[in-house]
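Engineer: I have a structure here, written as structure tokens, and I will follow up with some questions on it.
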Amino acid sequence: MNIFVCIKQVPATETKIKINGSGTGIDTTGVKWIMSPYDEFAVEEALRLKEKNAGSTVTVFSAGPSRIAETLRTALAMGCDNAVCVDTPEEIDSFQAAKCLAEAIRKEGKPDVIFTGKQAIDDDCAQVSQLLATFLELPYATVVLNAEYGSGQITVKRETEGGTIEIIALPTPCLIAAQKGLNEPRFASLPNIMKAKKKEIKTHPMASLGVTDADRKIKLVNMQLPPAKAAGKKLAGDAAAQSKDLVKLLREEAKVL
Amino acid sequence: MATVLIYAEHKEGKVKKVTHELISEANRAGAESVVFVAGQGLDAVNKELGEMGAKRVIAAQGDAVKFYSNEAYGKLFVDAVKSTNPSVILIPATAQGKDLAPRIAALLGVGLASDCTKIQIDGEKLKATRPIYAGKAVADVEFVGPKPYMATVRPNALSVGAASPGASAAVTALSLDTGALKSTVKDVVRGATAKLDVTEANIVVSGGRAMKNSENFAILEKLSEVLPNSAVGASRAAVDAGYRPHSYQVGQTGKVVSPTLYIACGISGAIQHLAGMRTSKIIVAINKDPEAPIFQVADYGIVGDLFEVVPLLTEEFKKALG
Amino acid sequence: MAISSLVFLAVVLGATGLFAYKASILFRLAKATKGPVWSGNRMDRLAERVETFFTNVLFQKAVLKKKKAGLMHVAIFWGFMIITIETMELFAYELFPGFSLSFIGESAYATLRLIQELFTLLVLSGVGYAFYRRLVLRPEGLGKSTDAIIILSLTSGLMLALLAMRSFHILAEPNDNNAVMFASMWISGIWQSLGVTPEVASTMAAGFRWFHHLLVLGFMVYIPSSKHLHVLTAAPNTFFRKLETPKGMRKVNLEAEDATSFGAGKISDLSWKDTLDLYACTECGRCQDACPAWNTQKPLSPKALVHDLKDSLYENKLALLSGKTDEVKPILGSKITDDVIWACTSCRACESACPVFIEQTDKIYEIRRNMVLMESRFPAELQTVFKNIENNFSPWAMSPDERDKWTEGLEVRTMAQIAASGEQVEYLFWVGCAGSFDDRSKKVSKALVSILKKSGIKFAILGKEEKCTGDPARRAGNEYLAQTLIQENVNVLNNYGVKKVVTACPHCFNALKNEWKDFGIELEVIHHTQLIAELIRSGKIKPTKAVDEKVTYHDSCYIGRWNNEYNAPRTILASVPQLKVNEIEQNKSNGMCCGAGGSRMWMEEHIGTRINVKRTEQLLEAKAGVVAANCPFCITMLTDGIKTKELTDKVRVMDVAEIVDQATV
């Protein structure tokens, strides 16, 4: 099987956010970069599928500036066979990212399945999976909790509100966007980490794939930290007094009821 | 007059409140609110959409679209776009909406602002504000591509206009020309609770490890019952201890919610929980420990025993809200 | 030569040959375990090694840590040594009839025979008590051992044979000099009263002499297959022991080009010293009795682990001796399971209790390294911890930017500020992750800052430049991650020229003091209790305000057993007015671990009962209102234990620094 995975490098979840000078992004000084956590589920699922189908390969793709090589190597260390990188400027939008990935994928051949994470934890757009699938004219399912692999078909369970689960049958080739709980991502062993350091990563500059600034649809501007909240007040008195007081405040002061 | 095309989401014959919010916003901006709806047996739904203030409804009705499918609904919505030529498209940031909207954006070749907490329709232009980095920052979205400008909007972010009982919208039937579909919906398994999901509720009452067991959550359910449009959530500690299933979990590894009112009962307020509710408009904390970190983010704090306070609060709310 | 002498010679040569063959296998197996020895050079400081040999082997100091069993063993051990003289005399007599040691002088020889008689009885008493202990008292640590029964039977057999031989000899060849052998004299009286003639007695004496020879030679051949091997290996194991108690984990060379494996996956990955440890084990069970994991129903018993490792060695004998390491089976299997290896809290109670200085923990942590580095085989909860340490430089999901948030409003300066201003400070206060991020531990950091300021000591912190020491990763087997962090920290410290460090966390203390020297830095590291004790002693701070409480002290493993510091905290507590200290029995080196060490703080406790609760129960026996501790993990675990017992309103846990801060102006 030809298995593809798309990943994104993002700042570590606990990074303290500082806005850059132009308000279009964060200040990346001292930021620790990681693979977006949902993408880890995608990589793990790809590897498990490979292990169940002898002779399969897993190719991992990512689009971003040169620092993303480190994250591609993490994917290689987990067990991916090949890595492809699209070199882009620091700021691109979901549309451009999806187009880069689509073109890079077209150059690599026809996949049986593409795995992605449901959203990247930096911009939280949750668009690239669907854009990519639509560009490649592949059926897709997002927020996938579980996948069962049959011949020429993958049956997935999708999570929606209130715990409701949709069960969808997708013919291959298709795209699956992983939700937390799809699997437990493996921890790369030291020998694999060492091997991954030496592997070659195929690189395409963004322009060479025909993606330009003109493809951009969205710009983020005026990025700010949320306004600091005024200090809260602790209500005095016994439980009865506190309850009365709270209801009054919520109605008259906060005006939420 | 600019046209705003809105995707209506409905469940079991009732339109979801978030649809009303989107319609209201379009109307407030003085735009023509056209609502797309797909499904089976839409008469009651179409009526409700009219009462919510929709000017027109484009309904794709039939067995073929009984279940949501991004392929079918995507194709039909694009057909509706072609026939209505909107400048702005608003879709709820629900599971369905978030799954579907980017597909439409790809098919139309336009930009999409995801999961917005604020939008401003100005003539044919759209300004949107959205949280990023799990709500640690916010940013405005500038559309630099062609129309229509798309946005998915978070439930409870926009206010609902008054309903107009008796008002009706002109309904146009859309032909079910979905084309050949590749994927098939095999089944939809309803969750154990048919109640409102925490991500969609206007008020969330959450319990932590201090609830001590699953049965005690009943007092939170009772509180939720007297509060309109509310749901019960749980911290990770409570879910791990088995007091409530994972679908209730609010937090970094659970659901991110931004209700108007979040009442945290017996929740210490560890960073991981805050990540899931910090964007709530008003936060109330009830905890025995005066030093609990939750008090640092709460607008109103009650230091006390939740088992004493919550029932009293339920009584007070009942009295006040009737 | 007489026929009997020739036969005897043949038997001796045969037995010796068989023994030598078995011993050579053991020796070659030890050579086949080629792993690196922890805590380096075991052949240095010969004078000290000779001293420890005298103290612990000849004078049995470590054995005597348990009084009754210790005295029992001293009797048997010394008896064995003394009686060997007689055994040799008898061997010589067998080869050269008529030989005796009487040439040393009549009175000297008589004294010798008296001593031998006394020790024969002493050995019999010892063996008698041993039988009683093993078969009647049945302490858990001993377990069932056919081997032990055989050994005790052989030993008593030898002693009884000697008494029989002597008593019959006395009857056969009466001699005034025999009077010293009072017991044998008395027994010979019995034979006489039974009508045994001198001729029969002579034959019986010879018979029992031969019986004794055969028992000795048989025992000798048996020794390599039994735990009695310790008679040959305990002394060298003591000689080659780690001379000081404080130690760090061995630094693995991860860059080694030819390394195919890291850590211990197979028995061949352990070192000769590890193997010698296995040979030296007497299966006394003291380690098991002391183990907090075993005492809370986890499958880890240090005694069983040593035994199972020895089995692994013998099971792979052919592969090891032929050099076919590929064919050596992995250590982990049905006997040594993952749970056994992960249950360890690295408290070293086992090592502290062991009379022959076996280092059980070295093996466990070498095995953990292999599991994590080579197989990614570890409890799932650790993956988040590893990720957090890698990405956030602390085991928690907290932003590294918040590391010095606890200093808000306190006027604590960072090394960067100090360096920029050109000043100097005496100490770097290494805060550690708990002291920086954990709400409870932040209070201890603040208390220490308060004390440092009161004493006028100039100090600074690294602030945001401080990263986790990597200790949680290192003890969880993730050497790669740990080394990354250690090296980054060492570079920062070297950059600032840091020489002296004070820290309130025993784990950080141990890492900086005993492990970082492998990474290119020499630091003088002091634990906050040591510093505070010194400040009190020198009068720089004076506890003048009364703290009217009853307090009991919990020794943390990493300050206590790991670094031998039991006194400093007690000196501090003794200096606080009106503070009454009630010690519990299980204190100092006998103290029970809180359960958080060995990276267990970061793992779920799924098996058995909770270590922290058991320890809390012990501490509650002191009926004190305050439990004093000196470690952020201990404080967390004991606080949780008190919460579990629902005694939060009656008992509180305080760090020693908090008590002192309260007691000083």
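The values are calculated or read from the model by the stated rules, or taken from the named source; none is laboratory data. The shown structure was predicted, so the numbers you read here are calculated from the model rather than taken from an experiment. Methodologically, a virtual Cβ is constructed for each residue, glycine included, from the backbone with ideal geometry; neighbour enumeration extends over all protein chains shown.
Engineer: Quick one: how many residues across segment B:39-53 are over 21 Å from residue B:24 (Cβ atoms), of a type outside the set (Asp, Glu) and not in a loop (DSSP other than H, G, I, E, B)?
Structural biologist: Going through segment B:39-53 one residue at a time, the tally reaches 1.
Engineer: Follow-up. When the residues of segment A:214-237 are filtered to those that are under 13 Å from residue B:301 (Cα atoms) and either in contact with a helix residue (DSSP H, G or I) (Cβ under 8 Å, 6 or more places away or on another chain) or modelled with pLDDT of 90 or more (or both), which remaining residue is surrounded by the fewest Cβ atoms within 10 Å (Cβ to Cβ)?
Structural biologist: The residue in question is A:236.
Engineer: Of the conditions (1) at pLDDT 95 or above; (2) under 21 Å from residue A:204 (Cβ atoms); (3) away from chain B (no Cβ under 12 Å), residue A:49 satisfies every one except a single condition; which number is it?
Structural biologist: Residue A:49 satisfies all of (1) at pLDDT 95 or above; (2) under 21 Å from residue A:204 (Cβ atoms); (3) away from chain B (no Cβ under 12 Å) except (2).
Engineer: Is at least one residue of segment B:119-137 touching a Ser or Thr at 6+ places or on another chain (Cβ under 7 Å) and under 16 Å from residue B:4 (Cβ atoms)? Steps first, please.
Structural biologist: Kept after step one, since they are touching a Ser or Thr at 6+ places or on another chain (Cβ under 7 Å), are these residues of segment B:119-137: B:124, B:129-131, B:135.
Among the residues that remain, those that are also under 16 Å from residue B:4 (Cβ atoms) are: B:124.
Checked segment B:119-137: at least one residue is touching a Ser or Thr at 6+ places or on another chain (Cβ under 7 Å) and under 16 Å from residue B:4 (Cβ atoms).
Engineer: Out of all the residues in segment C:615-637, is one or more in a loop (DSSP other than H, G, I, E, B) and free of Cβ contacts under 8 Å to residues at least 60 places away in the same chain?
Structural biologist: Yes - at least one qualifying residue is present in segment C:615-637.
Engineer: Anything in segment C:31-59 that is outside any helix (DSSP H, G or I), in contact (Cβ under 8 Å) with a residue 24 or more places away in the chain and more than 18 Å from residue C:272 (Cβ to Cβ)? List them, or say none.
Structural biologist: Correct list: C:45 only.
Engineer: Right, something else. Filtering segment A:111-121 down to residues that are under 18 Å from the mean Cα position of the chain (by Cα) and at pLDDT 95 or above, which residue is surrounded by the fewest Cβ atoms within 10 Å (Cβ to Cβ)? So that I can check it myself, show each step before the final result.
Structural biologist: Taking segment A:111-121 and keeping what is under 18 Å from the mean Cα position of the chain (by Cα), we get A:113-121.
So of that shortlist, the ones also at pLDDT 95 or above come out as A:113-120.
On the way: A:113: 22, A:114: 29, A:115: 29, A:116: 32, A:117: 29, A:118: 25, A:119: 25, A:120: 24.
The extreme case among them is A:113.
Engineer: For residue B:119, only one of the following conditions fails: (1) over 15 Å from residue B:258 (Cβ atoms); (2) crowded, with 16+ Cβ neighbours inside 10 Å; (3) away from chain A (no Cβ under 11 Å); (4) among the β-branched types (Val, Ile, Thr). What is its number?
Structural biologist: Going through (1) over 15 Å from residue B:258 (Cβ atoms); (2) crowded, with 16+ Cβ neighbours inside 10 Å; (3) away from chain A (no Cβ under 11 Å); (4) among the β-branched types (Val, Ile, Thr) one by one, residue B:119 breaks only (1).
Engineer: Here's something else I'd like to know. Does at least one position in segment A:32-43 carry a residue that is over 27 Å from residue B:137 (Cα atoms), in the same structural domain as residue A:204 (by TED's automatic domain parsing) and either touching a helix residue (DSSP H, G or I) at 6+ places or on another chain (Cβ under 6 Å) or in contact (Cβ under 8 Å) with a residue 60 or more places away in the chain (or both)?
Structural biologist: So far as segment A:32-43 goes, yes, one or more of its residues are over 27 Å from residue B:137 (Cα atoms), in the same structural domain as residue A:204 (by TED's automatic domain parsing) and either touching a helix residue (DSSP H, G or I) at 6+ places or on another chain (Cβ under 6 Å) or in contact (Cβ under 8 Å) with a residue 60 or more places away in the chain (or both).
Engineer: Do we have residue A:62 as within 21 Å of residue A:124 (Cα to Cα), of a type in the set (Gly, Ala, Ser) and either surrounded by fewer than 23 Cβ atoms within 10 Å (Cβ to Cβ) or touching a helix residue (DSSP H, G or I) at 6+ places or on another chain (Cβ under 6 Å) (or both) here?
Structural biologist: Answer is yes for this residue.
Engineer: Could you grab me the full set of residues in segment A:138-187 that are in a strand (DSSP E or B) and acidic (Asp, Glu)?
Structural biologist: A:148, A:159, A:166
Engineer: Conditions first: (1) in a strand (DSSP E or B); (2) buried (at least 22 other Cβ atoms within 10 Å of the Cβ). Residue B:142 passes all but one, so which condition is the exception?
Structural biologist: Answer for residue B:142: the failing condition is (2).
Engineer: Still on this structure, please answer the following. Of the conditions (1) in contact (Cβ under 8 Å) with a residue 12 or more places away in the chain; (2) out of contact with any His (no Cβ under 9 Å at 6 or more places or on another chain); (3) among the hydrophobic types (A, V, I, L, M, F, W, C); (4) within 30 Å of residue C:354 (Cα to Cα), residue C:137 fails just one. Which one is it?
Structural biologist: Among (1) in contact (Cβ under 8 Å) with a residue 12 or more places away in the chain; (2) out of contact with any His (no Cβ under 9 Å at 6 or more places or on another chain); (3) among the hydrophobic types (A, V, I, L, M, F, W, C); (4) within 30 Å of residue C:354 (Cα to Cα), the lone unmet condition for residue C:137 is (1).
Engineer: Of C:30, C:23, which residue is surrounded by 17 or more Cβ atoms within 10 Å (Cβ to Cβ) and either on the phi > 0 side of the Ramachandran plot or in contact with a Leu (Cβ under 9 Å, 6 or more places away or on another chain) (or both)?
Structural biologist: None of the others qualify; the one that does is C:30.
Engineer: If residue B:181 passes every condition in (1) outside any loop (DSSP other than H, G, I, E, B); (2) at the interface with chain A (Cβ under 10 Å from one of its Cβ atoms) but one, which one does it miss?
Structural biologist: (1)
Engineer: Hey, among the residues in segment A:122-151 that are crowded, with 20+ Cβ neighbours inside 10 Å and among the polar types (S, T, N, Q), which one's farthest from the other protein chains (Cβ to nearest Cβ)?
Structural biologist: A:129
Engineer: Right, here's the next one. What are the pairs, 6+ residues apart or on separate chains, where a residue within segment B:124-146 that is over 21 Å from residue A:227 (Cα atoms) and more than 7 Å from chain A (Cβ to nearest Cβ) has its Cβ under 8 Å from a residue that is β-branched (Val, Ile, Thr) and buried (at least 20 other Cβ atoms within 10 Å of the Cβ)?
Structural biologist: B:124/B:88; B:126/B:88; B:126/B:119; B:146/B:110
Engineer: Let me ask something additional. Quick one: which of A:154, A:105 is buried (at least 19 other Cβ atoms within 10 Å of the Cβ), within 23 Å of residue A:207 (Cα to Cα) and either more than 7 Å from every other protein chain (Cβ to nearest Cβ) or out of contact with any Lys or Arg (no Cβ under 9 Å at 6 or more places or on another chain) (or both)? Show your work before the answer.
Structural biologist: Values: A:154 fails: within 23 Å of residue A:207 (Cα to Cα).
The match here is A:105.
Engineer: Oh, and also: Would you confirm whether or not segment A:190-213 contains a residue that is modelled with pLDDT of 90 or more, within 13 Å of chain B (Cβ to nearest Cβ) and exposed (fewer than 13 other Cβ atoms within 10 Å of the Cβ)?
Structural biologist: yes
Engineer: Right, something else. If I filter segment A:3-14 for residues that are β-branched (Val, Ile, Thr), in contact with a helix residue (DSSP H, G or I) (Cβ under 8 Å, 6 or more places away or on another chain) and modelled with pLDDT under 95, do I get at least one hit?
Structural biologist: Yes, there is a match, as at least one residue in segment A:3-14 is β-branched (Val, Ile, Thr), in contact with a helix residue (DSSP H, G or I) (Cβ under 8 Å, 6 or more places away or on another chain) and modelled with pLDDT under 95.
Engineer: Mind listing whichever residues of segment A:229-257 are over 29 Å from residue B:157 (Cβ atoms) and more than 7 Å from chain B (Cβ to nearest Cβ)?
Structural biologist: A:236, A:237, A:238, A:241
Engineer: Against the conditions (1) touching a Phe, Trp or Tyr at 6+ places or on another chain (Cβ under 9 Å); (2) closer than 29 Å to residue C:228 by Cβ, where does residue C:181 fall short? Just the number, please.
Structural biologist: Condition (1) is where residue C:181 drops out.
Engineer: Can you pull out the residues in segment A:16-46 that are surrounded by 16 or more Cβ atoms within 10 Å (Cβ to Cβ), within 22 Å of residue A:219 (Cβ to Cβ) and either within 11 Å of chain C (Cβ to nearest Cβ) or of a type in the set (A, V, I, L, M, F, W, C) (or both)?
Structural biologist: Residues satisfying the conditions are A:17, A:19, A:26, A:31.
Engineer: If we scan segment B:206-214, do we find a residue that is touching a residue at least 12 places away in the same chain (Cβ under 8 Å), facing chain A (nearest Cβ under 9 Å), under 26 Å from residue B:115 (Cα atoms) and of a type outside the set (D, E, K, R)?
Structural biologist: no
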